[in-house]
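Here is the structure we will look at.
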Amino acid sequence: MCGIVGYVGNRNCVATLLDGLKRLEYRGYDSAGIAVVEDSSLHCIKECGKVSVLEKKIGEEWPLWPEKACHIGIAHTRWATHGAPSCINSHPHIDSSGRFAIVHNGIVENYAALKRHLIDHGHTFNSETDSEVIANLISECYNGDIFAATAAALRQIVGTFGLAVISLEQPDTLIVARRGSPIVVGVGNSENLVASDIAAIVAYTKRVIFLNDDDIALITADRIDIRNIDNVPVAREIAKIDWSIDAAEKQGYEHFMLKEIFEQPEAVGNALRGRIDEQNITAILSGLSMTPREMTQINRILVAACGTSMHAGMVGDFFFEDLAGIPTSVEQAAEFRYRNPIIEPNTLIIPISQSGETADTLAAVREAANKGATVAAICNVVGSTIARESGRGVYLHAGPEIGVASTKAFTCQVSVLLLMAVKFARTRRLDRENAKAILDEVKQLPELIRAVLAMAENIRVVAEKYGSADNFFYIGRGYLYPVALEGALKLKEISYIHAEGYHAAELKHGPIALLEPKVPVMALANDIPGKDKILANIQECKARKSPVIATATVGDKEVESLADDVIWIPACSKYVAPIVTVVALQLFAYYVARMRGCEIDQPRNLAKSVTVE
Ligand code: M6R
């Protein structure tokens, strides 16, 4: 989705803005642009396509920029919503008087009415976007006070915004505001930065302030003044980012996705660190802020999430029911608020989101909070909106996930869900001995994942054998059913192969009609409960002449004799099998996509963080 970077300080800002934009590329975008104040004018350059194309255009159109005194600027990567991807529609947008430049993430729902009003008052428009309205609205409201003008404009907007503004009226002041779309302020020395995502600015400062909804910040090189939309000063804490820029760089890997797949032993290790209570044989999850008594009172769990996070939630469903005996269901976050969910006093809502900014999941959190539910989020991005609005929860500590295809977030989410389930289960029916067996295996997770990664080359060979297929099925049962869904999602999003994840038993209720020699089936046949049934499903596929690739527990001759190809998974219980097995499927999808020459880190049409409904 769209990305924002802004700078005000002592340096020439162009290189910093371009660097920030490059660090936002992973979010997905179709055009980019920058605007800076230079010599009492607004200098704006925009281009369709990649940031590198914009950089080239800046070099051609403005070769002398390194010598210029441009100390304040804003920049944007756009992911089209209103108006096609084009140079005109890309941001920044400048009002028709040429005094105010804005970049905007979000949607102005009432833009058509506002635009008509502004046209009636003499403003003109160049683009088809909703965002251009904001630039003209600020201009219309300007009466000598830039804060008042921004606040007055934003009060008229129905919708969401993460906004950055520069102006010729107050050329030393960068203004940012948010409602429903994140903005973070990076606190520097004699310079300050802003962004929609920490990754854009972490190379310059690790001290950040997360704005709340309806905050407006006026920022100069050495001052940050935050007020709410009603002009009341608000105090916001400075948080310290605990990861460095290295974590957001490829470090020799061909793609971020591959790096993040290989980071999983450490990422899962970080998600588990300090969270196992050896004495009481349970999990330590202080962010849950629940007493054992409060935990025993929870009699229903609802998980709300999207995409990969929803698949993690589906594994969590097994954990909570199997271990703790708490009825659990997983809701597509997009449906949550529309189906009037039944939330009783002792229902716990668990939103799961890597980014913590997914619009549908956030809406579910708000719906749940309105209905008085206890909400405990599982998020990766510290300070994200879902984490803050949920009030309680568990961070993954997986480090930044840059690849659009979620990998390490999934394995960390499932690891945390397992700890959570053990914690709830220990207040109920899980005895010390069984809890210890599970937690001992949890501690082995980094090693188990390393064992899968060690087989990357074998997985590559299998992937390239099947990589030219047009259609794929992934089948699984029980704990591995959500992993089948996740494996298929990974394949389709980065390789563009049509892949369907199915419960193995459902095959014969319809999809089996599609099986034929050109349609390979990935069967998750690890040696955990349900394996005998999967063997029968493999037979069904073979009878329709579909080639079968199976994941199998190392040394399993039975599966080896049935499947055309085997991806070996180290022996492990059903509890950790989803985490260990998915790593092999991530690698499989990665190598297929690489063989097909796909843009792995930024697949077409996809955004890392889906901040619109
Ligand atoms: O940031 P979130 O976990 O809330 O994102 C949810 C989905 O958009 C995300 O998992 C998406 O499905 C990924 N592209 C999957 O790889």
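The values are calculated or read from the model by the stated rules, or taken from the named source; none is laboratory data. Computed from a predicted model, the values in this text were never measured in an experiment. Methodologically, a virtual Cβ is constructed for each residue, glycine included, from the backbone with ideal geometry; neighbour enumeration extends over all protein chains shown. Calculation scope for accessible area: heavy atoms of the full protein, side chains included, ligands and nucleic acids excluded. Shrake-Rupley method; radii C 1.70, N 1.55, O 1.52, S 1.80 Å.
Summary of values
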read-out	value
Some residue of the stretch 357-368 being more than 26 Å from LYS574 (Cβ to Cβ), outside any strand (DSSP E or B), open to solvent by less than 10 Å² (accessible area, probe 1.4 Å) and β-branched (Val, Ile, Thr)	yes
Answer from THR374, THR411 - the residue that is in the same structural domain as GLY325 (by TED's automatic domain parsing) and within 14 Å of the ligand (Cβ to nearest atom)	THR411
Residue list for the stretch 340-356, filter: away from the ligand (no atom under 11 Å from the Cβ), open to solvent by less than 20 Å² (accessible area, probe 1.4 Å) and part of a loop (DSSP other than H, G, I, E, B)	PRO341
Residues (of a type in the set (Val, Ile, Thr) and not in a helix (DSSP H, G or I)) located in the stretch 568-613	ILE569, VAL576, ILE600, VAL610, THR611, VAL612
Selection within the stretch 493-513 - at pLDDT 95 or above and within 28 Å of VAL404 (Cβ to Cβ)	GLU493, ILE494, SER495, TYR496, ILE497, HIS498, ALA499, GLU500, GLY501, TYR502, HIS503
When residues of the stretch 248-291 are limited to those that are among the hydroxyl-bearing types (Ser, Thr, Tyr) and farther than 18 Å from ILE438 by Cβ, the one nearest to the chain's Cα centre (by Cα)	TYR253
Given (1) part of a helix (DSSP H, G or I); (2) among the small types (Gly, Ala, Ser); (3) touching a strand residue (DSSP E or B) at 6+ places or on another chain (Cβ under 8 Å), number of the condition ALA112 does not satisfy	(3)
Subset of the stretch 366-423 [of a type in the set (Phe, Trp, Tyr) and within 12 Å of the chain's Cα centre (by Cα)]	PHE410
Test: residue in the stretch 395-411 that is open to solvent by 10 Å² or more (accessible area, probe 1.4 Å), assigned to a helix (DSSP H, G or I) and touching a residue at least 12 places away in the same chain (Cβ under 8 Å)	no
Selection count where residues are assigned to a loop (DSSP other than H, G, I, E, B) and away from the ligand (no atom under 16 Å from the Cβ), scope the stretch 479-520	7
Residue among LEU445, LEU418, LEU453 that alone is modelled with pLDDT of 95 or more, more than 13 Å from the ligand (Cβ to nearest atom) and either of a type in the set (Gly, Ala, Ser) or surrounded by fewer than 21 Cβ atoms within 10 Å (Cβ to Cβ) (or both)	LEU453
Test result for ILE475, over 25 Å from ASN299 (Cα atoms), open to solvent by less than 20 Å² (accessible area, probe 1.4 Å) and away from the ligand (no atom under 16 Å from the Cβ)	yes
Flag if THR150 is hydroxyl-bearing (Ser, Thr, Tyr) and either surrounded by 24 or more Cβ atoms within 10 Å (Cβ to Cβ) or part of a strand (DSSP E or B) (or both)	yes
Any hit, the stretch 318-339, residues being buried (at least 19 other Cβ atoms within 10 Å of the Cβ), within 16 Å of the ligand (Cβ to nearest atom), outside the structural domain of ILE579 (by TED's automatic domain parsing) and hydroxyl-bearing (Ser, Thr, Tyr)	no
Odd one out for VAL381, checked against (1) open to solvent by 40 Å² or more (accessible area, probe 1.4 Å); (2) away from the ligand (no atom under 14 Å from the Cβ); (3) among the β-branched types (Val, Ile, Thr)	(2)
Scan of the stretch 79-112 for residues that are over 26 Å from CYS141 (Cα atoms) and open to solvent by less than 40 Å² (accessible area, probe 1.4 Å), ordered by number	ALA80, SER86
Any hit, the stretch 562-577, residues being open to solvent by less than 30 Å² (accessible area, probe 1.4 Å) and within 16 Å of the ligand (Cβ to nearest atom)	no
Odd one out for TYR591 among (1) open to solvent by 30 Å² or more (accessible area, probe 1.4 Å); (2) under 30 Å from ARG23 (Cβ atoms)	(1)
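The rows are residues; the columns are (1) touching a residue at least 24 places away in the same chain (Cβ under 8 Å); (2) not hydrophobic (A, V, I, L, M, F, W, C).
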position: ILE216; (1), (2): yes, no
position: ARG227; (1), (2): yes, yes
position: ASP230; (1), (2): yes, yes
position: ILE238; (1), (2): yes, no
position: GLN251; (1), (2): no, yes
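Residues checked against (1) in contact (Cβ under 8 Å) with a residue 60 or more places away in the chain; (2) small (Gly, Ala, Ser); (3) assigned to a loop (DSSP other than H, G, I, E, B):
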{"residue": "ALA523", "(1), (2), (3)": "no, yes, no"}
{"residue": "ASP532", "(1), (2), (3)": "no, no, no"}
{"residue": "ASN537", "(1), (2), (3)": "yes, no, no"}
{"residue": "GLU540", "(1), (2), (3)": "no, no, no"}
{"residue": "LYS545", "(1), (2), (3)": "no, no, yes"}
